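*Asks:* My structure is below; once you've seen it, I'll send some questions.
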């Protein structure tokens, strides 16, 4: 099981003063809403279409996550913002461990070390950022992502907005399609 981390420890370890347990719980709720399926068996997936050459890309042309390794999908985070937007593995692992339901589900109840936990978070950060940017941050040579089922695209965007509330960047202005009328 994940070690108990207090709010004070989290704030001390992250330099993200606006982070709160409530916002982490909101993020976890958005993530779990994305991965739930409303029919049959299985789970929603993020699909990254690339050249499949490995290195900065997955080693398969159609990378489905969950499915491929967390490390391969985490490469999506290479295309999110600048170095200053990366809070580091320790911060990402802390947020991951605070999301106990998701942390237990994504790796079938097995504990993840700091790097593995950060890879999961980077996969979510990179994918949700690409979603709100409409894949514009992924130049043609970096491929594109979509969700399976396609109707979950807006749910993936909701994950980014929850990350942004926690102080993750770069800051993105909410697009008109996400504004309630």
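The values are calculated or read from the model by the stated rules, or taken from the named source; none is laboratory data. Note that the structure is predicted; figures quoted are calculated from it, not measured. Methodologically, a virtual Cβ is constructed for each residue, glycine included, from the backbone with ideal geometry; neighbour enumeration extends over all protein chains shown.
*Asks:* Can you spot a residue in region 41-59 that is farther than 29 Å from residue 136 by Cβ and either at pLDDT 90 or above or assigned to a loop (DSSP other than H, G, I, E, B) (or both)? Let's see the steps before the verdict.
*Replies:* First pass over region 41-59, keeping only residues farther than 29 Å from residue 136 by Cβ: 41-42.
With either at pLDDT 90 or above or assigned to a loop (DSSP other than H, G, I, E, B) (or both) added as a condition, the list becomes 41-42.
Yes; the residues of region 41-59 include at least one that is farther than 29 Å from residue 136 by Cβ and either at pLDDT 90 or above or assigned to a loop (DSSP other than H, G, I, E, B) (or both).
*Asks:* Now, a different point. Does region 85-92 contain at least one residue that is assigned to a loop (DSSP other than H, G, I, E, B), closer than 21 Å to residue 172 by Cα and modelled with pLDDT of 90 or more? Walk me through how you get there before you give the answer.
*Replies:* Let us first name the residues in region 85-92 that are assigned to a loop (DSSP other than H, G, I, E, B), namely 86-88.
Imposing the further condition that a residue be closer than 21 Å to residue 172 by Cα reduces the set to 86-88.
Applying the additional criterion that residues be modelled with pLDDT of 90 or more yields none.
Within region 85-92, not a single residue is assigned to a loop (DSSP other than H, G, I, E, B), closer than 21 Å to residue 172 by Cα and modelled with pLDDT of 90 or more.
*Asks:* Restricting to helices (runs of 4 or more DSSP H) lying wholly in region 96-178: which have 1 or more residues that are at pLDDT 95 or above? Quick ask: steps written out before the conclusion?
*Replies:* Values: elements: 100-106, 114-132, 153-165.
Qualifying helices (runs of 4 or more DSSP H): 114-132, 153-165.
*Asks:* Go through (1) touching a residue at least 40 places away in the same chain (Cβ under 8 Å); (2) surrounded by fewer than 20 Cβ atoms within 10 Å (Cβ to Cβ); (3) closer than 22 Å to residue 32 by Cα for residue 141 and report which single condition fails.
*Replies:* Single failed check for residue 141: (3).
*Asks:* Looking at 155, 97, 80, which is the one that is on the phi < 0 side of the Ramachandran plot and buried (at least 22 other Cβ atoms within 10 Å of the Cβ)? It would help to see each step written out before you state the result.
*Replies:* Numbers: 155 fails: buried (at least 22 other Cβ atoms within 10 Å of the Cβ); 97 fails: buried (at least 22 other Cβ atoms within 10 Å of the Cβ).
Going through 155, 97, 80 in turn, the sole match is 80.
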